[in-house]
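Here the structure comes first, spelled out in structure tokens, and everything after it is commentary.
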Amino acid sequence: MFSLSQRFQVLINQAVTFSVFIIAFIVATSYIDLIYPNNVFNTGVATVNSIKPSLSLRTSRYFGSINSKPKENVRLEFDLDSDLTNLFNWNTKQVFVYLTAEYNNTKNTVINEVTFWDNIITKQEDAVLHLEKAKSKYSVWDISEQFSGKSLKFKLNWNIQPWVGPLTYGEIDTGYELVVPKKVEESSKKQRVN
Amino acid sequence: MNLRLELTKLLNLCFVFSSAYMFWQGLSLVANTHSPIVVVLSGSMEPAFQRGDILFLWNRNQASNVGDIVVYEVDGKQIPIVHRVLREHHSANFEKQYLLTKGDNNAANDISLYANKKIYLNKQKDIVGTVKGYFPQLGYVTIWVSENKYAKFALLGLLALSSLVGGE
Amino acid sequence: MEVFQELSQKLVFPIDYKSQKYIGKQMNVAIAAVGIAATVYGYMTGSIQNLLICYIAGLLGTCIWLVPAYPAYRKHNLKFVEKPVINITTD
């Protein structure tokens, strides 16, 4: 502590050391806030309803087609209700919420999960989701040729992006299942011309 | 000029550099990835990640989940990309996993970024790691140094000055 | 080189063990107090930004209070040392 630069260095060192403790406190309190009093990892509720799939054939590489062979793409219309207010605490920068479907294939890639819709929530006030007749954000195809006939199980997933610390993930089972109908409808067949 | 003193200083400097290098290598051994800590260089994941944020990677998972934020490398491109997994398809024993990714801030998925007209990433081959931890803005110094041509000299000058003045 | 050596001599404070020990102790206490106060304030207001602003402001305050050699920190100078730094040149 005998010179200006040394005194300054000691101050900086101690400040950095103490900030490690502060970060540990932030991470610990935000985790406790997630599991107590309500454990958000298993008390979340999400309901999806009246999912209407619509199939179309696409020939672009950006819609999964290989060598311009027509590929079946599926889009959805759905209702969604969920309250994610509990996911917000003082270390939440944003919540990324996404609706996925799981399905099984018989060959090669047996287990599959695809995202139909997602959203970024940055404010706690916006964390109550109430969607009616919402359109899926993505046009989804499978690795195999067809999407029709597959049985989809829907889940609502969330990911908390913190201000500092580890990323947290969780999922809410909606209990909704849907078998994609077999045929490509006439109306969507016309669409593939353009 | 005391030769012994100067040599001790040099030895100390070597010690600092080698311990930093050992720390880095140890971390990459534990996380099983060649770059366990990365700095975000683009705004494609905003508002989750801004330029200059630091990410901690982990690559000991067998398969990636949908929603995971992964860092992947494309053949022929220098800079790895940090994006979110949109779809995953894997075999029963996790031998093979195909991933489709997308940046939160981008309108479309990443097919146009993949090499050789591929439409999926291969988990075993292309993925550098999964983002597990986050620290904001600390990496901005590296962006500043690499993009501003005077910053490099300013940083070097500052180091030299501090060693000249602070040395005893 | 001459300039730098002169500069480094200027930056060295007069030797005052008692005050320096006191400053070392005070610095520990001050940083802990600032850190705890900032954390509590940030937690109460539910905002990490507030915590960060408080912490940095507190550190700046500590810096101004403890880093320079104010007359109060030079009361117990060692009398027998004439110059704070003695340069020894070896031939």
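The values are calculated or read from the model by the stated rules, or taken from the named source; none is laboratory data. These numbers were taken from a predicted model, which means no experiment stands behind them. A quick note on method: Cβ atoms are made from the backbone with ideal geometry, for glycine too, and the neighbour counts reach across all protein chains shown.
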Residue check for A:Thr109: in contact with a Ser or Thr (Cβ under 7 Å, 6 or more places away or on another chain) and without any contact (Cβ under 8 Å) to a residue 60 or more places away in the chain:
yes
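Report the residue count in the stretch C:1-48 for those that are of a type in the set (S, T, N, Q) and touching a Leu at 6+ places or on another chain (Cβ under 7 Å).
The initial filter retains those residues of the stretch C:1-48 that are of a type in the set (S, T, N, Q), namely C:5, C:8-9, C:19-20, C:26, C:28, C:39, C:45, C:47.
Then drop every residue that is not touching a Leu at 6+ places or on another chain (Cβ under 7 Å), which leaves C:26, C:39.
So the count comes out to 2.
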Determine which single condition A:Asn38 fails, assuming it passes every other condition in (1) more than 10 Å from chain C (Cβ to nearest Cβ); (2) in a helix (DSSP H, G or I); (3) out of contact with any strand residue (DSSP E or B) (no Cβ under 7 Å at 6 or more places or on another chain).
(2)
Residues (over 17 Å from the mean Cα position of the chain (by Cα), part of a strand (DSSP E or B) and more than 10 Å from chain A (Cβ to nearest Cβ)) located in the stretch B:54-99
B:Leu99
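Return yes or no: is A:Lys93 in contact (Cβ under 8 Å) with a residue 60 or more places away in the chain and either of a type in the set (D, E, K, R) or not in a strand (DSSP E or B) (or both)? Full working, then the answer.
On the way: in contact (Cβ under 8 Å) with a residue 60 or more places away in the chain: yes; either of a type in the set (D, E, K, R) or not in a strand (DSSP E or B) (or both): yes.
Spelling it out, A:Lys93 is indeed in contact (Cβ under 8 Å) with a residue 60 or more places away in the chain and either of a type in the set (D, E, K, R) or not in a strand (DSSP E or B) (or both).
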What number of residues in the stretch C:10-55 are surrounded by fewer than 19 Cβ atoms within 10 Å (Cβ to Cβ) and over 17 Å from the mean Cα position of the chain (by Cα)?
13
Condition first: surrounded by 13 or more Cβ atoms within 10 Å (Cβ to Cβ), more than 14 Å from A:Gly170 (Cα to Cα) and not β-branched (Val, Ile, Thr). Now tell me which residues in the stretch A:22-59 satisfy that.
A:Phe25, A:Ser30, A:Asp33, A:Pro53, A:Ser54, A:Leu55, A:Ser56, A:Leu57, A:Arg58
Examine the stretch A:57-65 for a residue that is of a type in the set (Lys, Arg), within 14 Å of chain B (Cβ to nearest Cβ) and without any contact (Cβ under 8 Å) to a residue 12 or more places away in the chain, and state whether such a residue exists.
yes
I'd like the full set of residues that are among the basic types (Lys, Arg) and within 25 Å of B:Val145 (Cβ to Cβ), limited to the stretch B:33-86.
B:Arg51, B:Lys77
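Take the residues in the stretch C:9-20 that are at the interface with chain A (Cβ under 8 Å from one of its Cβ atoms) and without any contact (Cβ under 8 Å) to a residue 60 or more places away in the chain, then tell me which one is farthest from A:Leu11 (Cα to Cα).
Ranking the candidates gives C:Leu11 first.
Looking at B:Lys149, B:Lys125, can you tell me which residue is within 26 Å of A:Ala101 (Cα to Cα) and more than 10 Å from every other protein chain (Cβ to nearest Cβ)?
Details: B:Lys149 fails: within 26 Å of A:Ala101 (Cα to Cα).
Residue meeting the stated conditions: B:Lys125.
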Take the stretch B:133-168 and flag every residue that is surrounded by fewer than 18 Cβ atoms within 10 Å (Cβ to Cβ), in contact (Cβ under 8 Å) with a residue 40 or more places away in the chain and not in a helix (DSSP H, G or I).
B:Gly133, B:Phe135, B:Gln137, B:Leu138, B:Gly167
Quick one: A:Val179 ticks every box in (1) free of Cβ contacts under 8 Å to residues at least 60 places away in the same chain; (2) more than 10 Å from every other protein chain (Cβ to nearest Cβ); (3) under 20 Å from B:Asp104 (Cα atoms); (4) aliphatic (A, V, I, L, M) except a single one, so which number is it?
(3)
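Condition test on B:Phe49, is it surrounded by fewer than 13 Cβ atoms within 10 Å (Cβ to Cβ), more than 12 Å from the chain's Cα centre (by Cα) and either of a type in the set (Phe, Trp, Tyr) or at pLDDT below 95 (or both)?
Working: surrounded by fewer than 13 Cβ atoms within 10 Å (Cβ to Cβ): no; more than 12 Å from the chain's Cα centre (by Cα): yes; either of a type in the set (Phe, Trp, Tyr) or at pLDDT below 95 (or both): yes.
So B:Phe49 does not fit the description; no.
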Selection from the stretch B:17-43 of residues that are of a type outside the set (A, V, I, L, M), surrounded by 19 or more Cβ atoms within 10 Å (Cβ to Cβ) and under 23 Å from A:Trp163 (Cβ atoms):
B:Pro36
Quick check on my filter: what residues within the stretch A:81-94 are more than 10 Å from every other protein chain (Cβ to nearest Cβ) and either crowded, with 19+ Cβ neighbours inside 10 Å or within 25 Å of A:Ile26 (Cα to Cα) (or both)?
A:Ser82, A:Asp83, A:Leu84, A:Thr85, A:Asn86, A:Leu87
